[in-house]
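So the structure is just underneath, and the comments pick up after that.
The values are calculated or read from the model by the stated rules, or taken from the named source; none is laboratory data. Every value quoted in this text rests on a predicted model; they were computed, and no experiment measured them. Every residue, glycine among them, receives a Cβ derived from its backbone with ideal geometry; neighbour counts consider all protein chains shown. With ligands, DNA and RNA removed, areas are computed over all heavy atoms of the protein, side chains included. Shrake-Rupley method; radii C 1.70, N 1.55, O 1.52, S 1.80 Å.
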Amino acid sequence: MEPTSSPRQLARETIRIESHLDGTNERSLADDVLDGLTRPFKELPPKHFYDARGADLFDQICDLPEYYPTRAERAILEERAAEIAELTGAVELVELGSGTAAKTRVLLDALQAAGTLERYIPVDVTESMVRDCAKTLTSEYPGLRVHGVIGDFERHLDRIPPAAGPRIVAFLGGTIGNFPPGSRRRVLRQIAGLLGPGDHLLMGTDLVKDPRVLEAAYDDSQGVTAAFNRNVLHVLNRELQADFDPEDFDHVALFDPHNEWIEMRLRARREHTTLVRDLDLPVHFDAGEELRTEISAKFTPERLQSDLTAAGLELVRWLTDPDELFALSLSRIHAH
Ligand SMILES: C[S@@+](CC[C@H](N)C(=O)[O-])C[C@H]1O[C@@H](n2cnc3c(N)ncnc32)[C@H](O)[C@@H]1O
């Protein structure tokens, strides 16, 4: 962590970046590998996709013709950002899993036009993303202060600075869908803890639709999503001295109609054993055995509503695109 400043210095700083990952991220990767690759059904959490190359591949995915969520979410923001700015009166925007903050600019523009914008707080595990977007956004928005938090939103929400006025916490891109139902509600409850009585959560969720449209979005014809999926093996090779050959695995994306989520998996093309050297862990794959690398839950309005209620939140606005592909929900803590 970088040295702490007095409140007066803080108020003057245009860019402040704090990193909370020193060493703890490698530990979390090692723990997840030990846990996930020794189960009968192998599994890794999706946050490990996002080294600099993974983040770059995700950006390319957002531009693919098959990947409708980014375009649909942006369209909703463009249509409704002024209304969101007016309703919330927000002086600051906290963004969880901020990435390149591409769509965020639509919100920042609206808050700036409303004359309330003071501070942006991006939170992401990918250090380069937080540093780059702090630099770019402070030059694009004169007067904007950026307080970047390099950290894991499952572990470091308590490092987010206290609100300086009405705040929006944005959780875009459908990232909440990466959590299975139980931990989704736990994460939502923790996020609700960032909200005071005048604050709002703005969350993007992908909606249930034709499975063919969903599966195409996660298995594009150019193979970018396949490269993104295999990238987790490159991360394991580099960070834990593993010896995966990513080409030993096929990319699989399928819609599970029972759970209403997309699963991404890596399927072993042949029987083999890989050594994860740092953990002294041999990992055996049968031919055709699969490793689950991501779930991406698809929502109905009812499902989202019940998740929000369980987390102590109440829906203020349900915003969707004309084709009802994607939704943004604006919610606040439940007034008792
Ligand atoms: C699906 S991308 C979405 C990016 C952007 N918000 C958007 O809507 O296009 C997920 C982002 O969340 C970040 N991320 C994933 N898991 C995280 C975690 N546990 N803590 C912090 N950031 C995380 C990734 O680095 C990535 O930038």
Karplus-derived 3J(HN,Hα) from phi for region 85-95 (6.51 cos²θ - 1.76 cosθ + 1.60, θ = phi - 60°), whole Hz, x at Gly and Pro, runs 4, 5, 5, 8, x, 5, 9, 9, 10, 9, 10
Note the full-extension length gain between residue 52 and residue 15 as 0.36 nm times their separation in residues minus their Cα-Cα distance, in nm to one decimal.
11.2 nm
I want to check the label-to-label distance for residue 243 and residue 32. Put each point 7 Å from Cα in the C-beta direction and report it in nm to one decimal.
2.5 nm
Radius of gyration, Dmax [region 161-274; alpha carbons; angstrom]:
18.4, 57
Going 7 Å from the Cα of residue 154 in the Cα-to-Cβ direction, what parts of region 174-205 have a backbone nitrogen less than 15 Å from that spot?
175-191
What's the FRET efficiency of residue 316 with residue 118 using the Cβ-Cβ distance as r and R₀ = 25 Å, to the nearest 0.05?
0.70
Give, as a single signed number, the net charge of other residues whose beta carbon lies under 13 Å from the beta carbon of residue 322, with Lys and Arg counted +1 and Asp and Glu -1.
-3
Most mobile of 197, 40, 161 in a GNM of the chain (Cα contacts under 10 Å)
40
For the chain, take N as its residue count and report Rg(C-alpha) divided by 2.2 N^0.38 Å.
1.00
Where does the Debye-calculated log10 I(q)/I(0) of region 178-229 sit at q = 0.12, 0.27 Å⁻¹, using only Cα point scatterers of equal weight, no solvent?
-0.49, -1.05
Taking every pair of distinct Cα atoms and averaging 1/r, then inverting, what Kirkwood hydrodynamic radius in Å comes out for region 106-235?
17.2 Å
Tell me the carbon and sulfur percent of the accessible area for the chain, rounded to whole percent, probe radius 1.4 Å.
51 percent
Give, as a single signed number, the net charge of other residues whose beta carbon lies under 14 Å from the beta carbon of residue 65, with Lys and Arg counted +1 and Asp and Glu -1.
-3
For the chain, find the longest principal axis of its Cα atoms and tell me its angle to the long axis of helix 181-192, 0 to 90°, nearest 10.
30 degrees
Only Lys, Arg, Asp and Glu count, each charged at its Cβ (+1, +1, -1, -1), so figure out the dipole size of region 143-302 about its Cα centre, rounded to 20 debye.
860 debye
Suppose we keep just the DSSP beta bridges with both residues in region 187-336; what percent of those would be antiparallel, to 5?
95 percent
Label-point separation, residue 300 to residue 189 (7 Å along Cα→Cβ), nm
2.5 nm
Per residue of region 33-50, in order, report the coupling 6.51 cos²θ - 1.76 cosθ + 1.60 (Karplus, θ = phi - 60°) as ³J(HN,Hα) in whole Hz, putting x for Gly and Pro.
5, 4, 6, x, 8, 10, 7, x, 10, 5, 7, 9, x, x, 4, 7, 5, 8
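Counting only heavy atoms of protein chains, what accessible area per residue, in Å², does the chain have with a probe of 1.4 Å?
43 Å²
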In Å, what is the Rg of the alpha-carbon atoms in region 67-172, and how long is Dmax?
13.0, 36
For a protection proxy built on the mean count of beta-carbon atoms within 10 angstrom, sort 169-175, 64-70, 124-130 highest first, please.
169-175, 124-130, 64-70
In order over region 124-137: 3J(HN,Hα) from phi, Karplus 6.51/-1.76/1.60, θ = phi - 60°, whole Hz, x for each Gly or Pro, gives 8, 6, 8, 4, 4, 5, 5, 5, 5, 6, 4, 5, 5, 5
Overall Cα dimensions of region 5-159 - principal axes, largest extent first, Å
54, 45, 25
Can you tell me what share of the DSSP beta bridges in the chain is antiparallel? A percent to the nearest 5 is fine.
60 percent
Identify which of 73, 271, 290 has the largest mean-square fluctuation in a Gaussian network model of the chain, with springs joining Cα atoms closer than 10 Å.
271
Quick query: amide H of residue 220 versus all other amide H atoms, modeled in the peptide plane; which residues come in under 5 Å with a sequence gap of 5 or more or a different chain?
225, 226
